[in-house]
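Novice: The structure under discussion is supplied below as structure tokens; questions concerning it will follow.
Any read-out appearing in this document is the output of simple, stated calculations on the displayed coordinates, not a laboratory observation. Owing to the predicted nature of the structure, the values given are computational and were not obtained by experimental measurement. Please note: Cβ atoms are built from the backbone with ideal geometry, for glycine as well, and neighbour counts cover all protein chains shown.
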Amino acid sequence: MFEFGSWASDWWKPLLFLVVAGHLTNVCVTLFLHRAQTHRGVKFHPIAEVPMRVWLWLTTATKTKEWVACHRKHHAFADREGDPHSPVVEGLRNIMLKGALYYRDAVRQPGVLEKYGKGTPNDWLERHLLDKRSTFGILLMLAVDLWLFGWFVGPLVWAVQMVWIPFWAAGVINGIGHALGYRNYEVKDESRNITPIAIWLGGEELHNNHHADPHSARFGHKWYEFDIGWAYIRLLSLVGLAQVKYARGVEGHDRDRGEDPTARVVAAANAAPAPALAAPAGAAPAA
Ligand SMILES: [Zn+2]
Ligand SMILES: [Zn+2]
């Protein structure tokens with residue numbers, strides 16, 4: 001079964017692998033990087049968390065602190081100047097095609113990681129492997145793909161894996177999720193729910209709901225909306241591997257609001273004076 005190149009024997013095997021591995025990557029992004037690390041709506045047991053971190057290392061080379069910082073800054077300045085990836089500011093085409101470049105530029109800006117990336121893991125695993133040797137993971141993945149699929153199909157499978165998150169997350173969620181779809185909430189930004197049945201992107205399709213209540217670990221707000229990420233969280237909490245801090249509309253979890261560090265940076269960004277809206281000198285104070 002694990003002989004060199006044996007998984008390329010049927011055409012559907014590499015495809016099935018890509019679908020399963022890709023969905024897993026999407027789920028690790030939404031559960032670990034987004035709902036747990038960025039917004040603290042849920043906390044995972046190390047038995048669940050470490051495999052998610054390692055899988056993200058193998059398939060995306062994403063550094064947790066960078067992802068969290070970029071995303072918190074997105075919430076702080078959503079769809080206005082300062083947003084690392086707004087289709088309203090930069091154009092949908094640019095975000096769809098070059099989303100990963102906007103991400104890279106954002107996390108390289110001086111001070112961004114310190115200001116927006118607080119509280120991400122700083123353990124041995126992070127310091128010595130996941131952060132310090134972030135490219136080693138994707139090279140290891142290349143070796144695995146070569147072993148499973150051989151010299152010809154292996155590199156193709158790997159290439160698709162490498163553009164996976166730049167396309168689905170940086171392109172589709174950050175682009176379409178702020179441009180096309182329906183809105184349940186008239187929030188200040190242009191966020192949209194791409195589809196009510198949110199499976200493929202792990203629930204991230206419900207992006208307008210998320211912007212309306214970022215701390216919530218549950219993204220489905222209406223009865224007809226399904227968030228598969230929340231289903232996974234429920235399963236993990238059933239076996240004691242996840243602890244929900246806050247979930248909108250869920251009995252027992254809808255009051256304990258804990259704290260979303262993102263709320264602080266959003267409040268600070270909103271408190272900064274907006275020159276265009278400043279009252280003219282000598283104007284009567286608002287009643
Ligand atoms: Zn957004
Ligand atoms: Zn968010």
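Novice: Restricting the search to the range 132-179, which residues are of a type in the set (G, A, S), in contact (Cβ under 8 Å) with a residue 60 or more places away in the chain and within 16 Å of ligand 2 (Cβ to nearest atom)?
Specialist: Selection gives A169, A170, G175.
Novice: One residue is enough: does the range 116-125 have a residue meeting the conditions closer than 27 Å to A36 by Cβ and polar (S, T, N, Q)?
Specialist: Yes, that holds for at least one residue.
Novice: Yes or no: the range 185-197 includes at least one residue that is under 23 Å from S86 (Cα atoms), away from ligand 1 (no atom under 16 Å from the Cβ), in contact (Cβ under 8 Å) with a residue 12 or more places away in the chain and not in a loop (DSSP other than H, G, I, E, B).
Specialist: No; the residues of the range 185-197 include none that is under 23 Å from S86 (Cα atoms), away from ligand 1 (no atom under 16 Å from the Cβ), in contact (Cβ under 8 Å) with a residue 12 or more places away in the chain and not in a loop (DSSP other than H, G, I, E, B).
Novice: Tell me which helices (runs of 4 or more DSSP H) are completely within the range 57-138 and hold 2 or more residues being among the β-branched types (V, I, T) and under 28 Å from V187 (Cβ atoms), or say none if there are none.
Specialist: Per the criteria, 64-76, 87-90, 92-108.
Novice: Given E114, E81, E66, which one is under 22 Å from A268 (Cβ atoms), of a type in the set (D, E) and under 15 Å from the mean Cα position of the chain (by Cα)?
Specialist: From the options E114, E81, E66, the qualifying one is E66.
Novice: Among the residues of the range 138-148, is there at least one that is out of contact with any Leu (no Cβ under 6 Å at 6 or more places or on another chain), small (G, A, S), surrounded by fewer than 19 Cβ atoms within 10 Å (Cβ to Cβ) and within 29 Å of R93 (Cα to Cα)?
Specialist: no
Novice: If you don't mind, there's one more thing I want to ask. Do you know which residues across the range 84-101 are under 16 Å from the mean Cα position of the chain (by Cα) and buried (at least 20 other Cβ atoms within 10 Å of the Cβ)?
Specialist: P84, H85, S86, I95, G99 - these are the residues of the range 84-101 that are under 16 Å from the mean Cα position of the chain (by Cα) and buried (at least 20 other Cβ atoms within 10 Å of the Cβ).
Novice: Looking for whichever is more than 14 Å from the chain's Cα centre (by Cα), surrounded by 18 or more Cβ atoms within 10 Å (Cβ to Cβ) and farther than 20 Å from D79 by Cβ here; the options are I199, I228, I194. Which one fits?
Specialist: Being more than 14 Å from the chain's Cα centre (by Cα), surrounded by 18 or more Cβ atoms within 10 Å (Cβ to Cβ) and farther than 20 Å from D79 by Cβ holds for just one of I199, I228, I194, which is I228.
Novice: Scan the range 68-81 and report the pairs whose first residue is touching a residue at least 12 places away in the same chain (Cβ under 8 Å) and aromatic (F, W, Y) and whose second residue is more than 11 Å from ligand 2 (Cβ to nearest atom) and outside any helix (DSSP H, G or I), with Cβ atoms within less than 7 Å and a gap of 6+ or a chain change.
Specialist: Going by the 7 Å Cβ cut-off, the qualifying pairs are F77/D83.
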